[in-house]
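Accompanying notes for the structure given below.
The values are calculated or read from the model by the stated rules, or taken from the named source; none is laboratory data. These numbers were taken from a predicted model, which means no experiment stands behind them. Please note: Cβ atoms are built from the backbone with ideal geometry, for glycine as well, and neighbour counts cover all protein chains shown. Side chains included, ligands, DNA and RNA excluded: accessible areas come from the protein's heavy atoms. Shrake-Rupley method; radii C 1.70, N 1.55, O 1.52, S 1.80 Å.
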Amino acid sequence: MTEWLSLVLFAVVALVLMLGYPVAYTLGGVSLIFAFLGGWFEVFDSAFLEALPNRLFGIMTNGTLVAVPLFVFMGVMLERSRVAESLLDTMAALFGSLRGGLGISVTLVGMLLAASTGIVGATVVTMGLLSLPTMLKRNYDPEVAAGTICASGTLGQIIPPSIVLVLLGDVLSSAYQQAQLSMGKWNLETVSVGDLFVGAVIPGLGLVLLYLLYQVSLAVFRPHTVPAIPAQERIHRGAALWLQVLTVLVPPLLLIVAVLGSILWGVATPTEAAAVGAVGAMLLAAQKKQLGMDSLRKVMRQTMRVTSMVFMIFVGAAIFSLVFRGFGGDELVTGLLTDMPGGTVTAVAIVMLIMFLLGFILDFIEITFVVVPIVGPILLAMGLDPVWLGIMIALNLQTSFLTPPFGFALFYLRGVAPAGVTTGAIYRGVLPFIAIQLLMLGMLALWPQLATWLPGVVYGS
């Protein structure tokens, strides 16, 4: 009976988070209250909390997690370097003469920013501030404009180097080892952040391709919603335009190649590649004359804030995990999932649905550190590929962040959208992109090779 208290703990944590309390303190505080009450009524063994120092030491000495502040620094530096503004102007000049050209430009810039920064909220806000007024001025349908910006801004969830994939890679690595040990396998295989980065390439690019096909279909079947830039306002093509393209596009592309290429070619680990990205971002900022001591100080402070928040959630999640396990929650969840009719397929579907719904009230960091450690070992013990499972989770959370009425991306855009763009227009605009996301999720479920083939080729496994 006491194992059901673990689900009560989970529900109370979710309720307190919905009330707006800080995530890290909610996870740790509520868990410690439950542990104290459980010890008082002799239904919780306080010995579980004795493992906390070892957990915290493991977090502090985890080399993989060094990539988090480095990638955050890279993203914040690029954001302050006004790379997005330059990219949008250049892409609009290239494609603006076509119907749907601005939408295509926003999608491509979203892809490039995702591969450069990996920070979803900042990308949606930046794209909303820069491109939404321009699209509305060019008589784009508000629904189409809002949907395009929200969907393109969330590509940072799946396209590496994604902070989501860095954190998922670390958590899934531990879950995979637990799963193998539970199956009596002592010659442990490993899964790394690099595996997830490589596995995300085909699904991420496939998603971008589907977005672009949707933009083209709008230009063909609903041309009035995506008009071209008027001829008198276009930048004439010529040597000056192509020079601008080279000047603006080549530096970010070189940075992307340096970061992802070093991982794909086995030259560097993700942590080392993150360091390359951080240095490259500073060089880009210096090239654009945006790197002064004041700017660097602000970037460092923002990086410290985000990184501190992430690691405080690590600590809170470690406490929650130990208390949840102390109440027998892992055995309860294992029994519930393994006894489901339909076996593995049903178990995966239920977990994905739960994560999708939790994505309305929790950020990806909380879900990664709270939910994945609980269900990950169970699903992986059923024989699922850890890379495939990680990409499925990332795509699922990306879809959740787009879905009305609680999707985080919608709130980000609502905060910077003009008053003329209604909340209803934003909700309706993302619906086609949600359908595209679900299509990609379904394709990945049917053909796991979309995520597992490239890592096998790159790493020869």
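Which aspartates and glutamates have a Cα lying under 17 Å from the Cα of Lys298, excluding residues fewer than 8 positions away in the same chain?
Reachable aspartates and glutamates: Glu79.
Search the structure for amide H atoms under 5 Å from the amide H of Thr403, placed 1.01 Å from N in the peptide plane, and list their residues when 5 or more places away or on another chain.
Residues meeting the amide H criterion: none.
At Ser308 and Ile350, where each label point lies 7 Å from the Cα along Cα→Cβ, what is the point-to-point distance in nanometres?
4.1
If the chain between Thr247 and Leu213 were fully stretched, how many nm would it gain, using 0.36 nm times the residue separation less the Cα-Cα distance?
9.5 nm
Report relative contact order for the chain in percent, whole number only (criteria: Cα-Cα under 8 Å, sequence separation at least 6).
Dividing the mean separation by the residue count of the chain yields 29 percent.
Contact order normalised by length for the stretch 80-183, with contacts defined as Cα pairs under 8 Å and 6 or more residues apart; what percent is it?
Once divided by the residue count of the stretch 80-183, the mean separation gives 29 percent.
For Lys289, list the aspartates and glutamates whose Cα falls under 13 Å from its own Cα; do not include residues on the same chain fewer than 8 positions away.
none
If you fit an axis through the alpha-carbon atoms of helix 449-459 and take the longest principal axis of the Cα set of the chain, what angle between them do you get, 0 to 90°, nearest 10?
90
Measuring with a 1.4 Å probe in the full set of protein chains, what accessible area per residue, in whole Å², belongs to the chain?
Per-residue value: 43 Å².
Hey, can you rank 412-418, 388-394 by average C-beta count inside 10 Å, highest first? Write down the numbers at each step before the final one.
Details: 412-418: 18.3, 388-394: 25.3.
Packing order, densest peptide first, comes out as 388-394, 412-418.
For the modelled label position 7 Å from the Cα of Lys289 along Cα-to-Cβ, which residues of the stretch 79-102 have backbone nitrogen atoms closer than 17 Å?
Those under the cut-off are 81-83, 86.
When the Cα centres of the stretch 55-74 and the stretch 181-215 are compared, how far apart do they sit, in Å?
Distance between centres, Cα-based: 21 Å.
Going by average Cβ neighbours within 10 Å, how do the peptides 297-307, 131-141 rank, with the highest at the top?
Ranked by mean Cβ neighbours within 10 Å, highest first: 131-141, 297-307.
Roughly how large, in nm² to one decimal, is the mean projection of the convex hull of the alpha-carbon atoms in the stretch 198-319?
Details: hull surface 51.6 nm².
Over all viewing directions, the stretch 198-319 projects a mean Cα-hull area of 12.9 nm².
Give me the percent relative contact order of the stretch 224-339, please, defined on Cα pairs under 8 angstrom at least 6 residues apart. Walk me through the intermediate numbers first.
Working: 24 pairs, mean separation 15.1, N = 116.
That works out to 13 percent.
Taking 0.36 nm per residue of sequence separation and subtracting the Cα-Cα distance, how much length would be gained by fully extending the chain between Asp339 and Asn187, in nm to one decimal?
51.9 nm
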